[in-house]
Amino acid sequence: MIILALDSSGLVASVAIASEDALLAEYTVNFKKTHSQTLLPMLDEIVRIVDLDLSEVDAIAISSGPGSFTGLRIGSATAKGLGLALDKPIISVPTVDSLAYNVYGTNKLICPIMDARRNQVYTGLYEFVNDKLVVISPQKAVGIDEIIDEIESIGKDVIFLGDGVPIHRDRISENIKVGYFFAPLHMNRQRAGAVAALGLEYYKENRVETAAEHQPVYLRVSQAERERAEREKARKGRK
């Protein structure tokens, strides 16, 4: 079985190819280039290097959100296009879940935090039980203090990771009372390898959808939609 995995939910662009036994290849770039510039060339390169015919892929796993609105749209469009062209199913993997999967096997609570702007983070709480990722608190957009309070109520040591850590590290350190750790750099950002690994688990559970059915998960409306709503509200107020 072969899984092609994509993640463009944040600043990181990542593509991976995995079988049930091995991560065959992974190409990850964490640099300020748009995913429209990087994702398809990365896909072409990784497929060429492992001498893979895309028709051999059994499913396409995509980091489905939340995250950057533009990044999610690019990743979703790429996955949908491949799924339609190859007639392959889509495995929709929640972004925060796949981030948590980076620290597989820990006995600590896992708290991914992604910068959601507007003083919020995309986050959730997870742990591993009998080698399975268990969702303690599903992914959501909240203030950093709210997720710290939730961790405190559980009272368990926690590992933080994600692009929200550099922004909120000081506030976490100043306010949290349980034991806490920050994941090291090789596992603290989105990776298509984690999307592929979790996608394989979902595939075995038949958690798949057609390319036509797939939609990214935003959790919040975009800035453009907020501004449009505010203009409409202002316009109605003037009447």
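Answer yes if at least one residue in the stretch 22-33 is touching a Leu at 6+ places or on another chain (Cβ under 7 Å), among the acidic types (D, E) and within 22 Å of P184 (Cβ to Cβ), and no otherwise.
no
Give the residues of the stretch 138-152 that are buried (at least 17 other Cβ atoms within 10 Å of the Cβ) and touching a helix residue (DSSP H, G or I) at 6+ places or on another chain (Cβ under 8 Å), sorted by residue number.
Within the stretch 138-152, Q139, I144, I148 meet the criteria.
Could you list, in sequence order, all residues of the stretch 74-112 that are among the charged types (D, E, K, R) and either touching a Leu at 6+ places or on another chain (Cβ under 9 Å) or closer than 18 Å to Y203 by Cβ (or both)?
Matches in the stretch 74-112: K80, D87, K88, D97.
Is it the case, given these coordinates, that R48 is in contact (Cβ under 8 Å) with a residue 60 or more places away in the chain and surrounded by fewer than 23 Cβ atoms within 10 Å (Cβ to Cβ)?
Here the answer is no, as R48 does not meet what is asked.
State whether one or more residues within the stretch 88-97 are surrounded by fewer than 23 Cβ atoms within 10 Å (Cβ to Cβ), among the charged types (D, E, K, R) and assigned to a helix (DSSP H, G or I).
Yes, that holds for at least one residue.
Let's see how each residue does on (1) in a helix (DSSP H, G or I); (2) surrounded by 22 or more Cβ atoms within 10 Å (Cβ to Cβ); (3) within 10 Å of the chain's Cα centre (by Cα); (4) not charged (D, E, K, R):
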position	(1), (2), (3), (4)
G71	yes, yes, no, yes
I74	yes, yes, no, yes
A77	yes, no, no, yes
Y104	no, no, no, yes
C111	no, yes, no, yes
T123	no, yes, no, yes
E127	no, no, no, no
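Does the stretch 161-209 hold any residues that are assigned by TED's automatic domain parsing to the domain that holds D7 and among the acidic types (D, E), and which are they?
Correct list: E201, E205, E209.
Does G155 count as surrounded by 14 or more Cβ atoms within 10 Å (Cβ to Cβ) and either touching a residue at least 12 places away in the same chain (Cβ under 8 Å) or touching a strand residue (DSSP E or B) at 6+ places or on another chain (Cβ under 9 Å) (or both)?
Here the answer is no, as G155 does not meet what is asked.
Does any residue of the stretch 160-175 turn out to be of a type in the set (G, A, S), touching a residue at least 40 places away in the same chain (Cβ under 8 Å) and within 24 Å of V47 (Cα to Cα)? Quick ask: steps written out before the conclusion?
Within the stretch 160-175, the first condition is being of a type in the set (G, A, S), and the residues that meet it are 162, 164, 173.
Subset that is touching a residue at least 40 places away in the same chain (Cβ under 8 Å): 162, 164.
So of that shortlist, the ones also within 24 Å of V47 (Cα to Cα) come out as none.
No: zero hits.
Given (1) small (G, A, S); (2) assigned to a strand (DSSP E or B); (3) more than 19 Å from M187 (Cα to Cα), where does S36 come up short, assuming only one miss?
Tallying (1) small (G, A, S); (2) assigned to a strand (DSSP E or B); (3) more than 19 Å from M187 (Cα to Cα), S36 fails exactly one: (2).
From the list K177, K156, which residue is farther than 30 Å from E20 by Cβ, modelled with pLDDT of 95 or more, among the basic types (K, R) and out of contact with any Leu (no Cβ under 7 Å at 6 or more places or on another chain)?
Exactly one of K177, K156 is farther than 30 Å from E20 by Cβ, modelled with pLDDT of 95 or more, among the basic types (K, R) and out of contact with any Leu (no Cβ under 7 Å at 6 or more places or on another chain), namely K177.
Could you list, in sequence order, all residues of the stretch 1-45 that are acidic (D, E) and either outside the structural domain of I90 (by TED's automatic domain parsing) or in contact (Cβ under 8 Å) with a residue 24 or more places away in the chain (or both)? Before the answer, list the steps.
Taking the stretch 1-45 first, the residues acidic (D, E) are 7, 20-21, 26, 44-45.
Hits for the stretch 1-45 are D7, E20, E26.
The values are calculated or read from the model by the stated rules, or taken from the named source; none is laboratory data. Here the structure is a predicted model, which means the values were calculated and not measured. As a convention, Cβ positions derive from the backbone with ideal geometry for all residues, glycine included, and neighbour counts pool all protein chains shown.
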